[in-house]
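First comes the structure, then the notes that go with it.
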Amino acid sequence: MAFIVFYLYIVDGKSFVWVGKTGSDDGLVQNYNALLYYGKYLRSIASTLFATGKFVIPMWDFNLGLGSDVLTTLHYYVIGDPLDLLSAFVKSKDTETLYSALVILRLYLSGLAFSLYCFKMKKGRFAALAGSLVYVFCGFALFASVRHPYFINPMIYLPLLLIGVEKLFAKQKPALFILMVCLCALSNFYFFYMISILMILYAVFRYFDIYKKVEIKTLVKTVCSMAGFYTVGLMMACAIFIPVVSLFFTSGRIDTGYTVPFLYDINFYLNIVPAFASISAFSEDWTFLAYSGITFIAVILLFCQKKKHTTLKVAFLLLSLLLLFPFAGHILTAFPMFQTAGNGVSACWPHIFLRP
């Protein structure tokens, strides 16, 4: 399916490295160069280890701008992402090939993770396959994967984290939940923030789905256990998480004085329904939906079933409502962190996930 979807790239002789008309877009200048640098960085560590027997991790490089900390400079792009460790085994001249291969690999792993979630929720193989294809080839994934490949990582982590939530509800071992919290925090603090919000919303919905009503004793026990295991996972990631977050709060992206409007432009609301099935409808504020036509029919059939799937209906309506207001996107994109992101990814993959 990926071959069919991306076939035009081959025909037109294009790569997955995004280069705009000015030649200064993030794909080449930031994402590709970060992966190239990281490969050299990892190989230099290995080379020093084998040559001297000393495990030395360079923490500062004067070749980064006028000199900069390696961890905080590269964390957002590569450090903490397990897939980018593959750059250590690839020569510099082959980094573009690796870059493109990682785009497809990330999409595949996101579909695999979604399938595992479906199986955890006792969905059939056909439902899991159909849902995974919708999930992997939605508008956001197709747009983001070839511009900012690491934007697809949350699509891998979220289903696995929610499997961990399900295990906690079933009073099973918390290892997966703790591991995924740790991995999310290590990988990218910005997406970790959004994933955490979605995880909390999911846990609330699932609590009422399982227990049907609020039982104080059960609620307190559930919240305390989940919060405790979440804290353990976060503490495991603190060696990277704390320095990166601490530096971020001193950056120029904080307190930009950006004013959040109450509503979007009228064109946003006029195009929101077509955008559900088509990426060409609009691309305002990174709101790429385009879930494929069959999901529109599926949503209609969902609401035609009376007294069934109440939690899923409420979740869908709530997330759809949040999609309509800029301030919801402002919260989900971490308030002043990335003002230019608008409603951003937060608007897209909460909806994507409601397709098992």
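Are any of the residues in region 285-292 polar (S, T, N, Q), closer than 29 Å to ASP209 by Cα and assigned to a helix (DSSP H, G or I)? No, because not a single residue in region 285-292 is polar (S, T, N, Q), closer than 29 Å to ASP209 by Cα and assigned to a helix (DSSP H, G or I). Checking each residue of region 125-135 against the condition of being among the aliphatic types (A, V, I, L, M), crowded, with 18+ Cβ neighbours inside 10 Å and within 14 Å of the chain's Cα centre (by Cα) gives no match.
Against the conditions (1) under 21 Å from VAL103 (Cα atoms); (2) assigned to a helix (DSSP H, G or I); (3) among the hydrophobic types (A, V, I, L, M, F, W, C), LEU71 satisfies every one except (1). Of the helices (runs of 4 or more DSSP H) lying entirely inside region 207-283, those carrying at least 1 residues that are modelled with pLDDT of 85 or more and out of contact with any His (no Cβ under 8 Å at 6 or more places or on another chain) are 216-236, 238-248, 266-270.
Scan region 37-68 for residues that are out of contact with any Leu (no Cβ under 9 Å at 6 or more places or on another chain), under 29 Å from THR250 (Cα atoms) and part of a helix (DSSP H, G or I) and the total you get is 1. Of the conditions (1) touching a residue at least 24 places away in the same chain (Cβ under 8 Å); (2) touching an Asp or Glu at 6+ places or on another chain (Cβ under 8 Å); (3) open to solvent by less than 40 Å² (accessible area, probe 1.4 Å), GLY27 satisfies every one except a single condition; which number is it? Status for GLY27: all satisfied but (2). With respect to (1) over 30 Å from ALA277 (Cα atoms); (2) in a helix (DSSP H, G or I), the lone exception for LYS173 is condition (2). Out of LEU64, LEU49, LEU105, one residue alone is of a type in the set (A, V, I, L, M) and open to solvent by less than 50 Å² (accessible area, probe 1.4 Å). It is LEU64. Just one of the listed residues (VAL56, VAL19) is touching a Gly at 6+ places or on another chain (Cβ under 7 Å), over 26 Å from PHE192 (Cα atoms) and either surrounded by fewer than 18 Cβ atoms within 10 Å (Cβ to Cβ) or not polar (S, T, N, Q) (or both), and it is VAL19.
Table: residues versus (1) of a type outside the set (Phe, Trp, Tyr); (2) farther than 30 Å from LEU168 by Cα.
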{"position": "LEU35", "(1), (2)": "yes, yes"}
{"position": "THR52", "(1), (2)": "yes, yes"}
{"position": "LEU64", "(1), (2)": "yes, yes"}
{"position": "SER68", "(1), (2)": "yes, yes"}
{"position": "TYR76", "(1), (2)": "no, no"}
{"position": "ASP81", "(1), (2)": "yes, no"}
{"position": "LEU102", "(1), (2)": "yes, yes"}
{"position": "PHE114", "(1), (2)": "no, no"}
{"position": "MET121", "(1), (2)": "yes, no"}
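Of the residues making up region 175-232, those that are at negative phi, open to solvent by 60 Å² or more (accessible area, probe 1.4 Å) and among the basic types (Lys, Arg) are LYS213, LYS217, LYS221. Inside region 285-318, residues that are open to solvent by less than 30 Å² (accessible area, probe 1.4 Å), among the hydrophobic types (A, V, I, L, M, F, W, C) and in contact (Cβ under 8 Å) with a residue 60 or more places away in the chain make up a count of 4.
Scanning region 77-98 for residues that are aromatic (Phe, Trp, Tyr) and surrounded by 22 or more Cβ atoms within 10 Å (Cβ to Cβ) gives a single hit, TYR77. Do we have GLY39 as more than 30 Å from LEU129 (Cβ to Cβ), modelled with pLDDT under 95 and either loosely packed, with under 14 Cβ neighbours inside 10 Å or under 26 Å from the mean Cα position of the chain (by Cα) (or both) here? Criteria not met by GLY39. Summed over region 233-242, residues that are open to solvent by less than 50 Å² (accessible area, probe 1.4 Å) and either more than 20 Å from LYS167 (Cβ to Cβ) or free of Cβ contacts under 8 Å to residues at least 40 places away in the same chain (or both) total 3. Scan region 110-122 and tell me whether some residue there is buried (at least 17 other Cβ atoms within 10 Å of the Cβ) and assigned to a loop (DSSP other than H, G, I, E, B). No, there is no match, as no residue in region 110-122 is buried (at least 17 other Cβ atoms within 10 Å of the Cβ) and assigned to a loop (DSSP other than H, G, I, E, B).
The values are calculated or read from the model by the stated rules, or taken from the named source; none is laboratory data. Please read all numbers here as calculations on a predicted model, not as lab measurements. Every residue, glycine among them, receives a Cβ derived from its backbone with ideal geometry; neighbour counts consider all protein chains shown. Ligands, DNA and RNA are excluded from the accessible area calculation, which covers all protein heavy atoms including side chains. Shrake-Rupley method; radii C 1.70, N 1.55, O 1.52, S 1.80 Å.
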